[in-house]
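Accompanying notes for the structure given below.
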Amino acid sequence: MNALDKAKLWLSDAYDEETRKAIQLMIDENGTELQESFYKDLEFGTGGMRGIMGVGTNRLNRYTLGAATQGLANYLKKQFPGKELKVAVAHDVRNNSREFMQIVADVLSANDIKTYIFDSFRPTPELSFAVRHLECDAGIVLTASHNPPEYNGYKAYWNDGAQVVPPHDNGIIEEVSKIKVENINFKAKEDLIEVLPNEIDLAFIEKAVKYGSRDDKTGYDDLKIVFTSIHGTSIAITPDALKAAGFKNVYVVEEQAVPNGNFPTVKSPNPEEPEALKMALDLAEKVNADIVIGTDPDADRIGIAVRDLEGKMVLLNGNQTNTVFTDFLLNELQEENRINGKQFIGSTIVTSDIFFDLADKYGVECKAGLTGFKWIGKMIRETEGQEKFVCGGEESFGFMVDDFVRDKDSVTSTILACHIAAKAKANDSSFYKELIKIYGKTKCYQESLISIVKPGISGAEEISKMMSDWRENPPKSFNNSPVVTMNDYSEGYSLDIKTGEKTAIDLPKSNVLIFYTEDGTKVAARPSGTEPKIKFYFSVKENLDNIEDYDKVKEKLLQRIENVKKELN
């Protein structure tokens, strides 16, 4: 159907009066908003279902949420026939998140599913934890992560605490596609909805402290930490977790500690954006802090700033933070003689290749999946009882320690970052110096990311054309270094440019292109699965023979990246 015909279906009595009025107004105006709201249906992407709030099939609302939840309920009943089903549901601080959570809980309970909800907002990693802790069959969190305020979203989790992957995601989508509005059961069975006690919070904090900190608290009293939740959910858990771990000097950015779905003090509540941490950096200078930590609205991503060799606060990118985390955890295993070749770390295809270097250095495997932590969760599930997962991360500021949570976890990562910083400071080092030391043992890596936002129908077409242009006319070189390999994850092959030989890539198909050059430059292009944007990833590397030469080598690498960006205009 075209957008107008789809919109007219929403004028039936199956929809509430307020929705019908809004649709009629759209139809009368017959403008861009009608097209944008109905030209497609919201889909499950790398992070679930995410979209702008409003009426229409391409918007997040009572009916799209109801259809998604009814479809999930139907799928669960097919997968676990005769079982008394249980689902945990959480939400973030975004506008309408609490109301959306209630809609989801109503539909689940109406379908005779025991539904656990929290009394208020909670971090996404706590929902992942709760699914297994409560032995649930699935989990749902209402969040749009770090998207702008007009967005909200819906992440679905399976019984292992990880986001749904094939075949379950496709199975759920198939069930959702069958749902008509009259099939959605909104009549809640209140006796099946249970508000969780704070024991879940305490159990989650206990685990986060266990895997993030250590018995040796050397340096904890001296470390000064600035923390900001950027108006998000982490304020409910992280300060208490830091206190439970033993850190005493924690300075919270009070102006951003107030939960607010409009995120009034920032342009974007994304710790990947330097502007989002400005208030925290200002406070760090005021109190002479050693480390700054900020989290996104649903508290799965973590942004970190530390002092460089001159004592200036600098923001680390996700690859750099995760490099320090990974090296620390692997080195700890090595010192305890616990590496036997059956351990692995998780990464993604657009993340820095330094994690392959670290894996080789410590004698473990590095598994790289598609973008999204659900694929790391899939790695863990497929190797349970055979291999031990140590940690996993992706460049977009996400990290996971062990597997008591099977999603990005800023709470445990915050504690781990502070432990590493405290230990380093006590040994006359620093988080930043530890990163440079690692570069001296592997290679010195530098990364960069450009995101180009292209909203709406025309934007989707532009992004599609960018990708097709690169496939049809692939670049021959970057910065005068010939391209030697092209990986096309949509077609599922790796192409050796010199020989023309194609090698199959053993991953699900995904619209991603990655190019490698002779000098090790890596350039990737990937349309976002959850936002109207296309992302370009850049990574370069070079030997670092002397740690004292780091600044010089870093500037050289940054210039190489800038040269590539200029070539691509």
Quick one: would you say Ala421 is closer than 23 Å to Tyr362 by Cα and outside any strand (DSSP E or B)? yes
Turns out the strands (runs of 3 or more DSSP E) fully within segment 308-417 with at least 2 residues that are open to solvent by 10 Å² or more (accessible area, probe 1.4 Å) and at pLDDT 95 or above are 313-315, 365-369, 388-394
Going through (1) more than 19 Å from Asn317 (Cβ to Cβ); (2) open to solvent by 10 Å² or more (accessible area, probe 1.4 Å); (3) touching a helix residue (DSSP H, G or I) at 6+ places or on another chain (Cβ under 6 Å) one by one, Lys425 fails only at (3)
When segment 471-516 is examined, which residues are found to be closer than 23 Å to Glu562 by Cα, of a type in the set (Phe, Trp, Tyr) and either in contact with a His (Cβ under 6 Å, 6 or more places away or on another chain) or open to solvent by less than 30 Å² (accessible area, probe 1.4 Å) (or both)? Phe478, Phe515
Please enumerate the residues belonging to segment 262-276 that are in a helix (DSSP H, G or I) and surrounded by fewer than 22 Cβ atoms within 10 Å (Cβ to Cβ). Pro274, Glu275
Filter segment 285-307 for residues that are touching a Phe, Trp or Tyr at 6+ places or on another chain (Cβ under 9 Å) and assigned to a helix (DSSP H, G or I); which is most open to solvent (accessible area, probe 1.4 Å)? Lys286
Residues of segment 531-548 being modelled with pLDDT of 95 or more and surrounded by fewer than 18 Cβ atoms within 10 Å (Cβ to Cβ), in sequence order, are Glu542, Asn543
Under 6 Å by Cβ, and 6 or more places apart or on different chains, what pairs join a residue from segment 15-30 that is more than 19 Å from Lys180 (Cβ to Cβ) with one that is assigned to a loop (DSSP other than H, G, I, E, B)? Ala22/Val55
List every residue pair whose Cβ atoms sit under 9 Å apart, with the two residues 6 or more apart in sequence or on different chains, where the first one lies in segment 252-264 and is at positive phi and the second, anywhere, is outside any loop (DSSP other than H, G, I, E, B). Phe263/Gln256; Phe263/Ala276
Residues Lys83, Lys155: which one is surrounded by 24 or more Cβ atoms within 10 Å (Cβ to Cβ), of a type outside the set (Gly, Ala, Ser) and not in a helix (DSSP H, G or I)? Lys155
Looking at the structure I just gave you, is Ile463 at pLDDT below 95, among the β-branched types (Val, Ile, Thr) and open to solvent by less than 40 Å² (accessible area, probe 1.4 Å)? yes
Pairs needed: first member in segment 225-244, without any contact (Cβ under 8 Å) to a residue 24 or more places away in the chain; second member anywhere, open to solvent by 10 Å² or more (accessible area, probe 1.4 Å); C-beta distance under 7 Å; at least 6 residues apart or different chains. Pro239/Val250; Pro239/Val252
Working carefully through the options Glu36, Glu43, find the one that is within 20 Å of the chain's Cα centre (by Cα) and not aromatic (Phe, Trp, Tyr). Glu43
Residues that are part of a strand (DSSP E or B), surrounded by 24 or more Cβ atoms within 10 Å (Cβ to Cβ) and modelled with pLDDT of 95 or more, drawn from segment 47-74: Leu60
Going residue by residue through segment 120-130, is there one that turns out to be open to solvent by 30 Å² or more (accessible area, probe 1.4 Å) and out of contact with any Ser or Thr (no Cβ under 6 Å at 6 or more places or on another chain)? yes
If the Cβ limit is 7 Å and pairs must be 6+ apart or interchain, which residue in segment 339-363 that is of a type in the set (Asp, Glu) pairs with which residue that is surrounded by fewer than 20 Cβ atoms within 10 Å (Cβ to Cβ)? Asp357/Lys443
Filter segment 182-202 for residues that are assigned to a helix (DSSP H, G or I), touching a helix residue (DSSP H, G or I) at 6+ places or on another chain (Cβ under 6 Å) and open to solvent by less than 30 Å² (accessible area, probe 1.4 Å) and give the result. Ile200
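The values are calculated or read from the model by the stated rules, or taken from the named source; none is laboratory data. Keep in mind that this is a model prediction, so the values were computed, not measured. Cβ sites come from the backbone with ideal geometry, for glycine too, and all protein chains shown count toward neighbours. Note: areas computed on protein heavy atoms with side chains; ligands, DNA, RNA excluded. Shrake-Rupley method; radii C 1.70, N 1.55, O 1.52, S 1.80 Å.
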